[in-house]
1. Quickly estimate the mean residue ellipticity at 222 nm for the chain, helices only: each DSSP H run with n ≥ 4 gives -39500 (n - 2.57), and the total goes over all residues, rounded to 500.
2. At 7 Å along the Cα-to-beta-carbon direction for both residue 34 and residue 64, put a label point, then send me their distance in nm to one decimal.
3. Could you provide, to the nearest whole Å², the per residue accessible area of the range 295-387 with probe 1.4 Å?
4. Which far-off residues, 5 or more places away or on another chain, put their amide H under 5 Å from the one on residue 103, with H placed in the peptide plane?
5. Once phi is turned into ³J(HN,Hα) by the Karplus curve 6.51 cos²θ - 1.76 cosθ + 1.60 with θ = phi - 60°, what whole-Hz value does each residue of the range 156-169 show in order, with x for glycine and proline?
6. Given contacts defined as C-alpha pairs under 8 Å and at least six residues apart, what's the relative contact order of the chain, whole-number percent?
7. Could you work out how far the C-alpha centroid of the range 175-232 sits from that of the range 329-388, in angstrom?
8. Grab the beta carbon distance between residue 386 and residue 211, set R0 = 56 Å, and tell me the FRET efficiency rounded to 0.05.
Amino acid sequence: MTVWQDDVARDLVNNAGDRLALLTRGEGSYLWDSEGRRHLDFLAGIAVTSLGHSHPAFVAAISKQAATLAHVSNYFATPPQLALAARLKRLAGAGIDGRVFFSNSGAEANEAAFKLARLHGGPERPRIIALENGFHGRTMGSLALTAKASMRAPFQPMPGGVEHIEATVEALEAAIDDRVAAVIVEPIQGEAGVVELPEGYLAAARSLTLKHGALLIVDEIQTGAGRTGAWFGFSHEGITPDAITLAKGIGGGFPIGALVTYGSASALFTPGSHGSTFGGNPLATAVADAVLAEIEHGGLVDNAARRGEELRELITGLDSPLIEGVRGRGLLIGVALTSPVAGAVVAAAQQRGLIVNAANPDTVRIAPALNIGDAEIAEFRELFTAVLADVEASLVAAPESGKVSV
């Protein structure tokens, strides 16, 4: 072990396992580690660094706001907070009645959404419906919404009232009734392997929730801010939800989350019903507003759509027996593998200087910065082709077990 690995083992809680490298700086779509090796970052901090690393707009916003005002309590408003709230409402189509609650992370945004559902439902509507294979965070409330048994088991009992159903219209029709407070869904289930909802599901969910008086809450934490080639994942189906949760890409690397509410749902929170000491502080909101402005005015939503299509065509065109297909939209891509060797692919990529990750044993997740161009895609093709060849060679060496060493 190196010195930094010893430091990790000694000083950090072991919730994330072994770290892959000690990263020291970044620029654009590239990261450098402590040994001076350059890595092509096609994960973007798991769909977070929307503009890449050290983008001038990101750096300028932090510098300017830090020199002006970093934090005040929520007893006061600040110009960046109001500017970001107005931008989010406009981009999300929340209208004049929409309202925004700011948090520090996606899990906190989903905690707020959980409480919003409770406020809407009251004792007459105790049920909340979420989807199997969904992921909404690791705090107790957001974990209750999450369907992964392995994540939930050590922390039982969960907060009650949440039911997980199959992601089919038929299952939702069978489950929903007038005792349901809310339905919460991800447009694309990122942690499940970048799995899209069935075509028409969101439209059906919108119709059914309106019929039964339930809220439709869309978790846009991984899919929002242009990631899928539209501002939000729900935009592809042309619906209007009652609330959306945001984080990750809206801050471009600065911690921030948000709950955007629509219509009557916007009046559910009242003074004292929810809060966050750091939520909506001027530093975080100034940075997020600058990031979203760059995405908007730099044409990066369209770039995500176009570059995502290029990458899907590139990947499906590779002559590799490991590739079964490609899922996702825009620059949220899941490479489906024919064998459960995603971990080996990630390890081989790390050795080659390419950063991707394993969403599950048979899916490699790709989520680069929204401003990638020809050079980054060409380098990805070269590196990913070599990575697949490395893994294929290892499989040939140990075909009987399916185990791969790289």
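1. Computed mean residue ellipticity for the chain: -11500 deg cm²/dmol.
2. Taking the simple label geometry, residue 34 and residue 64 are separated by 3.6 nm.
3. In whole numbers, the range 295-387 has 38 Å² accessible per residue.
4. Those qualifying (amide H under 5 Å, at least 5 residues apart or on another chain) are 257, 258, 259, 280.
5. For the range 156-169, the Karplus-derived couplings read 5, x, 7, x, x, x, 9, 10, 10, 10, 5, 7, 10, 4 Hz, x marking Gly and Pro.
6. Working: 838 pairs, mean separation 84.3, N = 406.
Contact order relative to length: 21 percent.
7. 27 Å
8. Once rounded, the FRET efficiency stands at 0.60.
The values are calculated or read from the model by the stated rules, or taken from the named source; none is laboratory data. Everything numeric here is computed off the predicted structure, so don't read it as measured data. Counting neighbours? That spans all protein chains shown, and the Cβs are built from the backbone with ideal geometry, glycine included. When the accessible area is computed, the model is the full protein with side chains, heavy atoms only, and any ligands, DNA or RNA have been set aside. Shrake-Rupley method; radii C 1.70, N 1.55, O 1.52, S 1.80 Å.
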